[in-house]
1. With the structure loaded, tell me whether Ala197 is open to solvent by less than 60 Å² (accessible area, probe 1.4 Å), free of Cβ contacts under 8 Å to residues at least 40 places away in the same chain, assigned to a helix (DSSP H, G or I) and touching a Leu at 6+ places or on another chain (Cβ under 8 Å) or whether it fails that test.
2. As an exercise: evaluate Gln238 against (1) in contact (Cβ under 8 Å) with a residue 40 or more places away in the chain; (2) surrounded by fewer than 23 Cβ atoms within 10 Å (Cβ to Cβ); (3) not in a helix (DSSP H, G or I) and give the number of the one condition it does not meet.
3. Kindly indicate whether any position in the range 214-222 is closer than 24 Å to Arg256 by Cα, among the polar types (S, T, N, Q) and in contact (Cβ under 8 Å) with a residue 24 or more places away in the chain.
4. What strands (runs of 3 or more DSSP E), lying completely within the range 1-80, carry at least 3 residues that are at pLDDT 95 or above and of a type in the set (S, T, N, Q)?
5. Restricting the search to the range 95-117, which residues are open to solvent by 40 Å² or more (accessible area, probe 1.4 Å) and either assigned to a loop (DSSP other than H, G, I, E, B) or within 23 Å of Ala179 (Cα to Cα) (or both)?
6. Can you find even one residue in the range 38-58 that is in contact with a Ser or Thr (Cβ under 7 Å, 6 or more places away or on another chain), among the hydroxyl-bearing types (Ser, Thr, Tyr) and surrounded by fewer than 17 Cβ atoms within 10 Å (Cβ to Cβ)?
7. Could you figure out which of (1) over 17 Å from Leu104 (Cα atoms); (2) crowded, with 19+ Cβ neighbours inside 10 Å; (3) of a type in the set (Phe, Trp, Tyr) isn't true of Tyr182?
8. In the range 133-155, what residues are open to solvent by less than 30 Å² (accessible area, probe 1.4 Å), in a loop (DSSP other than H, G, I, E, B) and over 19 Å from Ile203 (Cβ atoms)?
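The values are calculated or read from the model by the stated rules, or taken from the named source; none is laboratory data. Computed from a prediction, not measured in an experiment: that's the story for all the values here. For neighbour counting, all protein chains shown are included, and Cβ atoms are generated from backbone atoms with ideal geometry for every residue, glycine included. Accessible surface is based on the protein model in full, side chains and every heavy atom, while ligands, DNA and RNA are left aside. Shrake-Rupley method; radii C 1.70, N 1.55, O 1.52, S 1.80 Å.
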Amino acid sequence: MVEALQSPEFIFNEATVRERWGLEPFLEGCAARGLSRASLWGEEIDKAGLEEARRMLSRTGISTFGFNRAGPLLAAGAAGRAECLDRARRAVDMAAELAADHVLVFSGGLAEGSRDLAGARAQTEDAIGALLDHARSVGMTLALEPLHPMVAGDRAVILSLSHANAICERLGEGIGIVADAYHIWWDERLETELARAGAAGRILGFHVSDWLVPTKHVLRDRGMMGDGIIDLAGMWRQVRAAGYDGPVEIEIFSDRWWAEDPDLVLDTALARCRSIFSGG
């Protein structure tokens, strides 16, 4: 018999509607639906200003779950990489100011003209180690989010849970993993690597959207939950079995859904998630 799913907390990542809504209407939309947490983007905080963003959070009763993002970390030369690391430290500081649960680390892809994937990974791991020292000093947890291998060229060099787990094990406390269904659903080691991360208590988040067939764009054509081929309920069982007891985070990068009324998007996403993850 398939185990009945207990209803989780649902939260939104701001990316789901930020093409149409700024920070304030997004937070108001979350609050109007009885949600208490949201994941925010640094660019939107910069637009509002940090102090005003804090006031918006206080006024709506929303607290910060994930903060996007610290990075990119990769650049062509040492000076460029040092500048990237300085910006990433400032992002960690902003996440700490907003009392975020964790801050996502974004490696970025290969430098223009480069074919050295192994070198890019080594540089990324060195930068993450340096960034982690800073994060520990301000009480902030870093989160590695493995991305789909199709974005290796221009967006990321951490492309599997196996790699993310290995980095976390080398670096120790203060760093964990966000499992994004869109990016990792294909991995034959999925359940094993989720259990590996869970055994160390380092699963920090679970992001959901769906994989459409055909996919028109690997970055901007994520599906509404239930419209694609990912076994989201099955993955949620695996994540829970690994010990994760946090929220299900809705994060949809989609030209199709960005063109819709944001209220419709939020309501549709919550209805789909309640059906998939709560059994009705």
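1. Numbers: open to solvent by less than 60 Å² (accessible area, probe 1.4 Å): yes; free of Cβ contacts under 8 Å to residues at least 40 places away in the same chain: no; assigned to a helix (DSSP H, G or I): yes; touching a Leu at 6+ places or on another chain (Cβ under 8 Å): yes.
Judged against the criteria, Ala197 is not a match.
2. Result: Gln238 passes all but (3).
3. no
4. By residue number, 63-70.
5. The initial filter retains those residues of the range 95-117 that are open to solvent by 40 Å² or more (accessible area, probe 1.4 Å), namely 97, 99, 101, 110, 112-117.
Result: Ala99, Asp101, Leu110, Glu112, Gly113, Ser114, Arg115, Asp116, Leu117.
6. no
7. Going through the list (1) over 17 Å from Leu104 (Cα atoms); (2) crowded, with 19+ Cβ neighbours inside 10 Å; (3) of a type in the set (Phe, Trp, Tyr), Tyr182 breaks only (1).
8. Result: Ala152, single match.
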